[in-house]
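Accompanying notes for the structure given below.
The values are calculated or read from the model by the stated rules, or taken from the named source; none is laboratory data. These numbers come from a predicted model, not from an experiment. Glycine also receives a Cβ, built like all others from the backbone with ideal geometry; neighbour counts cover every protein chain displayed. Please note that ligands, DNA and RNA were not included when accessible areas were found on the heavy atoms of the full protein model with its side chains. Shrake-Rupley method; radii C 1.70, N 1.55, O 1.52, S 1.80 Å.
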Amino acid sequence: MPHSEFIHLHLHTQYSLLDGACRIPQLLERAKQYKMNSLAITDHGNMFGAIDFYKEAQKAGIKPIIGCEVYIAPGSRLDKTSSSIVDASYHLILLARDETGYQNLIKLVSIANLEGFYYRPRIDKEVLSQYQKGLIALSACLKGEIPVLLQQRRFNDALKTADTYLNIMGKGNFYLEIQENLIPEQKTVNDGLIKISKELNIPLVATNDVHYLSKQDAVSHEALLCIQTQTTLDDPNRMRFQTDEFYFKSPQEMREVFKDFPDAINNTIEVAGRCNLELDFSKIHLPRFEPPVGKTKEDYLKELSEIGLKEKFPQASPAIKERLEHELKVIKDMGFVSYFLIVWDFIHHAKSNNIPVGPGRGSAAGSLVSYLLGITSINPLKYGLLFERFLNPQRLGLPDIDIDFCYERRGEVIDYVTQKYGKGNVAQIVTFGTMQARAVVRDVGRVMGIAYADVDRIAKMIPPDPGYTLKDALESETELKNLYKTDPQITKLLNTALTLEGLNRHASTHAAGVVIADKPLDNYMPLFETQNGQMTTGYSMSVLEKIGLLKVDFLGLRTLTVIDETKKIIKKTKGLDIDIDNMPLEDSNTYKLLTSGQTIGIFQVESSGMRDLLKKLEPDRFEDLIALLALYRPGPIGSGMLDDFMQRRHGRVPIKYPHSKLEKILKETYGIIVYQEQIMQIVSELAGFTLAQADLLRRAIAKKIPEVMEQQRKGFILGCIKNDVSESVANKIFDLIEYFSGYGFNKSHSAAYAMISYRTAYLKANFPVEFMCALLTSERDNTDKIVEYVNEAERMGIKVLPPDINESDALFKVVDDKTIR
């Protein structure tokens, strides 16, 4: 990219929550348009967007400059006695020159959130002095400490403060930031900054405090600030930017505005030239798992796997042993031995403490090692689940093992992990709520002062489907489109909402995600404290994967609590110990219940649509239940695939295979490709691909990039021809793969969840009163569910009596085989 004429060094993306409105992709597009070879991100008090910005900028051929507009306390960050938000902190821009600066910026942002938070996350000059190395500081906007003093006509104090910052940062690492935003006070500040610059020989740098992309976006930005401060546009006291100048100005505009100060423009290029942060995303930072004394981690994983092999396959065939050796080799070669031991350890802890754990989730159920270690409880060999769908040696990145735990005891497992690996090394993960179509219309309507009833009417014209946008609604909803065209107020409402839709609204804690590292987390990322005092990561889940940190989803599943409670009640009332992990999968009562559609309270199959489907499908084997969970989705239903499956299942449509080799792969699903694993098996069986290569092909086809698809087709056909499959048949089979790739589901996940469905159905079919009692207990705080389950119990002939006034316990109890109190 050519030499830039100006670089923006003070810029707020949508991660300056409800204040910045620059989306990273459009921002970088505009920078390319202006031929800028570098760009900075300086969000308010956080680095939420730093890694995404860094990677996207590099992809766009723009050098990323990672920074932050920090809040700095007037005195100590620990002093939290200021009477107002205005007096509690000043602004200061910090930019990372190199990796040392990046690490120090992380430390400062973490300290600001965890120690200095008072109205806002704050640092002070003490910690700035401690962590200044590798950083460049700019004096910030009108809310910077020096500009505030200049507005108060305290020039000597401003001069001393500038000298203090110069001494803290070191010569050449502190700049005085001049802006031109047409705000009257800015002229006073600029005059003072120019004078200080001359007296102390501190260079000037021109910035524009960018908050939105285009000048016309200023109107929407006003609404955004009102949403943040819960005010309306006609409130004279609302927080506001006084002009519409805070947009992403072109280099020509900036040079024209600062034509009297060319050095201030040129200094932006100088600063950008000095910021050369290079981040390494190739390293993985797994926690240290300590095996028993005298054993290596590799030996210990193999030992645990072989113990599991003897327990689960006493007469293991050579093929099973070969699969185990293959998986262990891949795990070792990819450097994931510690990962498996860490997960095994906390699941082993949970099971040892009678904390219910799910049978598996996602593609992890395809791993034999996971099964032998007790991480999952689905036999992958029995159901044709593939290891390469879970862990592909040709695809980089940490494996993804998500675990379901008892809803009420999940926290105990997180506590165990925290104690084992260190409080500073473990944290829950930040997530961001965005302004969705309906919600943003309501927000904008409120700040515009439009009557609630009118806004509500407009919002309800937008379908509530996840992912459905305002643009979609304006294209498909005739009434909304007409109002948009004919009613000026609605036009303004929707135009503003369209500009703000999708921006981040707030940061909160991810429902399940936990990160575990080998060192304190602030070595890798900034830390953040949510409004409820929960310490979380300052990077989202997708970013943690990019920087090589282990994240695990510790999911709380209420159904596991219900199953465990049912077991306890059965033990108490009937003296029976139910072995959930080894219950028979051929129980006729269970399939009779499923076929009847009386599945209220049964995991994944209690919706009315699923109950109707069960009646039509008439499942009589576990494989039918796996297929049902995979097919009951909008894609297969809308495409007619589900109907075709049912017709074949009942013999109304003949089952044909384009090639005889497909029969053993597709027989269980009546000739239809239902699972992603089947695509991999077809490619491997017919074209001779390894399963790892087949997984890459499956992923490539799913992305539907034409040139990649054509390349994969050629490779598949060549492989088929070598295996005596004709070109015409190979083309026909590839067309099938291409069609079904958009609908194929992860069989490992479907099988694991079908197991929970089966277990709950088994308990309801064979121990109805105990199961319903546990179900009612689990929902004791949910009135609607209680009513639904009481009605279901009574339909089953089980009487639910009101509570005994002499009983203090809020739980439901089994009175006898027909009664719950």
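Of the helices (runs of 4 or more DSSP H) that lie entirely inside segment 731-821, those containing 3 or more residues that are modelled with pLDDT of 95 or more and small (Gly, Ala, Ser) span 747-766. Within segment 20-34, being touching a helix residue (DSSP H, G or I) at 6+ places or on another chain (Cβ under 9 Å) and at pLDDT 95 or above holds for 22, 24, 25, 27, 28, 31, 34. Against the numbered list (1) in a loop (DSSP other than H, G, I, E, B); (2) touching a residue at least 40 places away in the same chain (Cβ under 8 Å), residue 153 comes up short only at (2).
When every residue of segment 28-38 is checked against the conditions, none turns out to be acidic (Asp, Glu), in a strand (DSSP E or B) and in contact (Cβ under 8 Å) with a residue 24 or more places away in the chain. Considered as a group, the residues in segment 306-325 that are open to solvent by 80 Å² or more (accessible area, probe 1.4 Å) and over 29 Å from residue 413 (Cβ atoms) include one that is farthest from the chain's Cα centre (by Cα), and that residue is 315. Could we say that residue 607 is small (Gly, Ala, Ser) and over 20 Å from residue 702 (Cβ atoms) here? Yes: the conditions hold for residue 607.
Among the helices (runs of 4 or more DSSP H) confined to segment 244-343, the ones with at least 3 residues that are among the hydrophobic types (A, V, I, L, M, F, W, C) are located at 262-274, 297-312, 318-333. Scanning segment 268-279 turns up no residue that is hydroxyl-bearing (Ser, Thr, Tyr) and out of contact with any Phe, Trp or Tyr (no Cβ under 7 Å at 6 or more places or on another chain).
Return the residues of segment 730-743 that are out of contact with any Pro (no Cβ under 6 Å at 6 or more places or on another chain) and open to solvent by 10 Å² or more (accessible area, probe 1.4 Å); say none if nothing qualifies. Write out each step before concluding.
First, pick out the residues of segment 730-743 that are out of contact with any Pro (no Cβ under 6 Å at 6 or more places or on another chain): 730-731, 734-742.
Hits for segment 730-743 are 731, 735, 736, 738, 739, 740, 741, 742.
Among the residues of segment 217-225, not a single one is within 30 Å of residue 440 (Cβ to Cβ) and in a strand (DSSP E or B). Within segment 452-491, being of a type in the set (D, E, K, R), under 22 Å from residue 219 (Cα atoms) and not in a helix (DSSP H, G or I) holds for one residue alone: 487.
For every residue, the table says whether it meets (1) under 21 Å from residue 85 (Cα atoms); (2) in contact (Cβ under 8 Å) with a residue 60 or more places away in the chain; (3) over 37 Å from the mean Cα position of the chain (by Cα).
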| position | (1), (2), (3) |
| --- | --- |
| 147 | yes, no, yes |
| 164 | no, no, yes |
| 175 | no, yes, yes |
| 199 | no, no, yes |
| 205 | no, yes, yes |
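Applying the condition of being among the hydroxyl-bearing types (Ser, Thr, Tyr) and touching a strand residue (DSSP E or B) at 6+ places or on another chain (Cβ under 9 Å) to segment 669-722 and asking which residue is farthest from residue 623 (Cα to Cα) yields 675.
When the criteria are applied in full, residue 623 meets the requirement of being touching a helix residue (DSSP H, G or I) at 6+ places or on another chain (Cβ under 8 Å), of a type outside the set (A, V, I, L, M, F, W, C), within 27 Å of residue 380 (Cα to Cα) and open to solvent by less than 70 Å² (accessible area, probe 1.4 Å). Any residue that is more than 30 Å from residue 532 (Cβ to Cβ), under 27 Å from the mean Cα position of the chain (by Cα) and in a helix (DSSP H, G or I) - is there at least one of those in segment 431-444? Checked segment 431-444: no residue is more than 30 Å from residue 532 (Cβ to Cβ), under 27 Å from the mean Cα position of the chain (by Cα) and in a helix (DSSP H, G or I). Residues that are farther than 24 Å from residue 47 by Cβ and open to solvent by 50 Å² or more (accessible area, probe 1.4 Å) occur in segment 128-151; there is at least one. Output yes when any residue across segment 122-129 is farther than 29 Å from residue 229 by Cα, small (Gly, Ala, Ser) and out of contact with any Gly (no Cβ under 9 Å at 6 or more places or on another chain), and no when none is. Yes; the residues of segment 122-129 include at least one that is farther than 29 Å from residue 229 by Cα, small (Gly, Ala, Ser) and out of contact with any Gly (no Cβ under 9 Å at 6 or more places or on another chain).
The residue of segment 232-253 that is farthest from residue 143 (Cα to Cα), among those that are in contact (Cβ under 8 Å) with a residue 24 or more places away in the chain and exposed (fewer than 15 other Cβ atoms within 10 Å of the Cβ), is 252. Taking residue 507, is it part of a helix (DSSP H, G or I), closer than 23 Å to residue 540 by Cα and either of a type outside the set (Val, Ile, Thr) or more than 26 Å from the chain's Cα centre (by Cα) (or both)? It is false that residue 507 is part of a helix (DSSP H, G or I), closer than 23 Å to residue 540 by Cα and either of a type outside the set (Val, Ile, Thr) or more than 26 Å from the chain's Cα centre (by Cα) (or both). Of all the residues in segment 282-305, those that are surrounded by 13 or more Cβ atoms within 10 Å (Cβ to Cβ) and in contact (Cβ under 8 Å) with a residue 60 or more places away in the chain number 7. Counting only helices (runs of 4 or more DSSP H) that fall entirely inside segment 51-148 and contain at least 1 residues that are under 24 Å from residue 17 (Cβ atoms), out of contact with any helix residue (DSSP H, G or I) (no Cβ under 8 Å at 6 or more places or on another chain) and of a type in the set (S, T, N, Q), the qualifying elements are 99-114. Would it be correct to say that residue 345 is open to solvent by 80 Å² or more (accessible area, probe 1.4 Å) and either without any contact (Cβ under 8 Å) to a residue 60 or more places away in the chain or among the acidic types (Asp, Glu) (or both)? It is false that residue 345 is open to solvent by 80 Å² or more (accessible area, probe 1.4 Å) and either without any contact (Cβ under 8 Å) to a residue 60 or more places away in the chain or among the acidic types (Asp, Glu) (or both). One residue stands out among those in segment 509-518 that are surrounded by 22 or more Cβ atoms within 10 Å (Cβ to Cβ) and in contact with a Lys or Arg (Cβ under 6 Å, 6 or more places away or on another chain): the one that is farthest from residue 342 (Cα to Cα), which is 513.
All of (1) acidic (Asp, Glu); (2) part of a helix (DSSP H, G or I); (3) open to solvent by 20 Å² or more (accessible area, probe 1.4 Å) hold for residue 677 with one exception: (3).
Each residue in segment 355-383 was checked for being at pLDDT 95 or above and on the phi > 0 side of the Ramachandran plot, and 1 pass.
Every listed requirement among (1) more than 28 Å from the chain's Cα centre (by Cα); (2) more than 25 Å from residue 17 (Cα to Cα) is met by residue 519 save one, (1).
In the set 23, 122, 30, which member is open to solvent by less than 30 Å² (accessible area, probe 1.4 Å), closer than 25 Å to residue 246 by Cβ and among the charged types (D, E, K, R)?
Details: 23 fails: open to solvent by less than 30 Å² (accessible area, probe 1.4 Å); 30 fails: open to solvent by less than 30 Å² (accessible area, probe 1.4 Å).
None of the other options fit; the residue is 122.
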